[in-house]
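Report on one structure; see the data block that follows.
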Amino acid sequence: MKMKSMVAAMTAVALSAFSFAAMTASAAVTEIPYTGPSEGALAIMDDGNSIRLNIYNVWGGNNNFEDIEKKTTVTDNVTITFTISGLGDNNTNKDEAGNPTTPYQAFVCGSIAGAQSFNPGEVGNDPVAINGDGQYTIVWDLPSDAEQIDCLLIGTNINFYQYGASLEESGLNIKLDSIKTGVEDAPTEAPTDAPTEAPTTEAAATTTAAATTTAAATTTAAGTTTAAGTTTTKANNTTGNAATGDSTPIAVALAGLTVAGAVALVSRKRK
């Protein structure tokens, strides 16, 4: 039982040493802290009828929105996730007769790293289709990294006049959920040695028993005496008891034969 327990423990250790591959990943995505929305951040685009959400905008007029830090390191892109409400299932602008015109879309607007984009499709700024209320994500792929953000907002082409006489009456809203920058690296698997399986308890026990039997037989064969016949008798008897390891019966038998021979010799001399 002790041998089986040792083999089982060795098996567990050997297998656990190679039970997993090391995984490495670089979390290169950084979330930009957002403190908004400031009062009046939900506003109207320059076209006079589409809604937008100011994030960092201190350019012109009454714009004084600093809901993120200007000194912000930006790498590779700016990714904004937001939730829009008040549209219901509507997904397109309509003319005065109620006929569909342009589909709703949202996009990043701003100025970062010397690149400016205030219209969809500019400088890697692909718009996202707006299909009614829900959460959406827009991405602006930047031409280079930057250490500050000069202007940033969410732009849309959604005409609020379809919902009310003013922005307040329309019931439309854009809620910013997160702003992130960077690209998350894909996990990579570190090379590892191929696992070596330890023998099972039964196999190890069988191998050990076989090795013990062979060793016992080899030891018996190696023993020699001066009498060839005695040597043969010892080899046969010892081998027959190798499995039990008990040589006492053999010694007793040999002693009995010796005594019997001596008694017989004494009897003959007396006669």
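The values are calculated or read from the model by the stated rules, or taken from the named source; none is laboratory data. This is a predicted model, so every value here is computed, not measured. Every residue, glycine as well, gets a Cβ built from its backbone with ideal geometry; the counts of neighbours run over all protein chains shown. Heavy atoms of the whole protein, side chains included, go into the accessibility calculation; ligands, DNA and RNA do not. Shrake-Rupley method; radii C 1.70, N 1.55, O 1.52, S 1.80 Å.
Key figures for this structure:
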{"item": "Residues located in the range 13-62, provided they are modelled with pLDDT under 90 and surrounded by 14 or more Cβ atoms within 10 Å (Cβ to Cβ)", "result": "Ala14"}
{"item": "Hey, Ala106 more than 20 Å from Tyr34 (Cα to Cα) and of a type in the set (Gly, Ala, Ser) or not", "result": "no"}
{"item": "Single residue of the range 89-132 satisfying the filter (open to solvent by less than 80 Å² (accessible area, probe 1.4 Å) and acidic (Asp, Glu)) that is nearest to Glu66 (Cα to Cα)", "result": "Glu122"}
{"item": "Subset tally (residues that are touching a strand residue (DSSP E or B) at 6+ places or on another chain (Cβ under 7 Å) and among the hydroxyl-bearing types (Ser, Thr, Tyr)) for the range 131-185", "result": "5"}
{"item": "Count of residues meeting criterion [open to solvent by 30 Å² or more (accessible area, probe 1.4 Å) and either touching a residue at least 60 places away in the same chain (Cβ under 8 Å) or more than 33 Å from the chain's Cα centre (by Cα) (or both)] in the range 134-164", "result": "11"}
